[in-house]
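Below is one structure, written out as structure tokens; the observations come after it.
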Amino acid sequence: MDTSKNNQFTRADIQIVSQERLLSSYLVVEKLNVKFKLFAGGWSNTFTRERMLRQNAAAVLLYHMASDQVVLVEQVRMGVLELSDSSPWIIEPVAGIIDEGYTAEETAYKEAIEEAGCTITKLIPVGTYIVSPGISTELTTVFCGLIDQLPEQYANHGIQSEGEDIRLQVMPSKKAFNLLKPGNPMSASATILLQWLQLNREQLLAKEA
């Protein structure tokens, strides 16, 4: 049977047989029993999966064109606590959860001030990605944020009541690009935004000139 046909499956082609809330804390986790239509026709058996219900997020790479430097943040991340040969303190772009009543753009402006003490003068949309489609509902929208003034190198920021202890890393863009070297684990937002800047840096600088 030819299974190469482009099937146009929709949300109606998967059925939730039952669902159960397993955890309601910092993470919200639920168990689903589901079945879905098969590419070859018919329906799958009912199977069980867990998923995290997560608010969407925004991340922004702060870029100072006049000095060709980027502003990144360094903080501890529990998800990489046991990652072999790597520190759980990782370097990544400014980011935050999109609270109710806020847009992704508003969140980027707000987080830039809270986490880095920077005021964005121009926000450039880069894209949106699914964080972990197998287990999470979270979408992250990413931006490049142009700034006119650099913060102090290694200054500490973050909201203590939210458990944040953030150190800034201000560095030339080419040094930041070296973070993408093989063997250096990076967050998806860092990888996407640094690669975007690699591709678009010359064009941005040409416009500034």
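Between Gln19 and Gln195, how high is the FRET efficiency from 1/(1 + (r/R0)^6) when r is the Cβ-Cβ distance and R₀ = 41 Å? Nearest 0.05.
E between Gln19 and Gln195, to the nearest 0.05, is 0.65.
Relative contact order for the chain: what is it in percent, counting Cα pairs under 8 Å that are at least 6 residues apart?
The value is 19 percent.
If the label point is 7 Å along Cα→Cβ of Glu30, which residues in the range 129-144 have backbone nitrogen under 17 Å from it?
Backbone N within reach: 133-139.
Using DSSP to call loops (not H, G, I, E or B), can you name the chymotrypsin sites (Phe, Trp or Tyr not before Pro) in the range 108-209 whose Cβ has at most 13 other Cβ atoms within 10 angstrom?
Tyr154
Which is farthest toward the positive dipole end of the chain among Thr107, Ala66, Leu27, measuring Cα position about the Cα centre, with Cβ charges +1 (Lys, Arg) and -1 (Asp, Glu)?
Leu27
Over the chain, consider all pairs of different Cα atoms and compute the Kirkwood hydrodynamic radius from their mean reciprocal separation; express it in Å, one decimal.
Evaluated on the chain, it is 19.4 Å.
Would you compute, for the Cα atoms of the range 111-151, the largest minus smallest coordinate along each principal axis and list the three values in descending order, in whole Å?
40, 19, 10
So, for the range 1-133, what is the accessible surface per residue at a probe of 1.4 Å, expressed in square angstrom?
Ligands and nucleic acids excluded, the figure is 62 Å² per residue.
Identify all lysines with a Cα-Cα distance to Lys207 below 17 Å; exclude those on the same chain that are fewer than 8 residues away in sequence.
Straight-distance partners of Lys207: Lys122.
Take the alpha carbon atoms of the range 5-104, find their radius of gyration, then divide it by 2.2 N^0.38 Å using N residues; give the quotient.
Compactness ratio reported: 1.60.
Which percent of the accessible heavy-atom area of the range 28-131 goes to carbon and sulfur, probe 1.4 angstrom?
Carbon and sulfur together cover 53 percent of it.
Among the GluC sites (Glu not before Pro) in the range 41-106, which ones are in a DSSP loop with at most 10 other Cβ atoms within 10 Å of the Cβ? Mind listing them?
Glu82, Glu100
The values are calculated or read from the model by the stated rules, or taken from the named source; none is laboratory data. All values reported here derive from a predicted model rather than from experimental measurement. Ideal geometry is used to build each Cβ from the backbone, glycine not excepted, and the neighbour counts take in all protein chains shown. Calculation scope for accessible area: heavy atoms of the full protein, side chains included, ligands and nucleic acids excluded. Shrake-Rupley method; radii C 1.70, N 1.55, O 1.52, S 1.80 Å.
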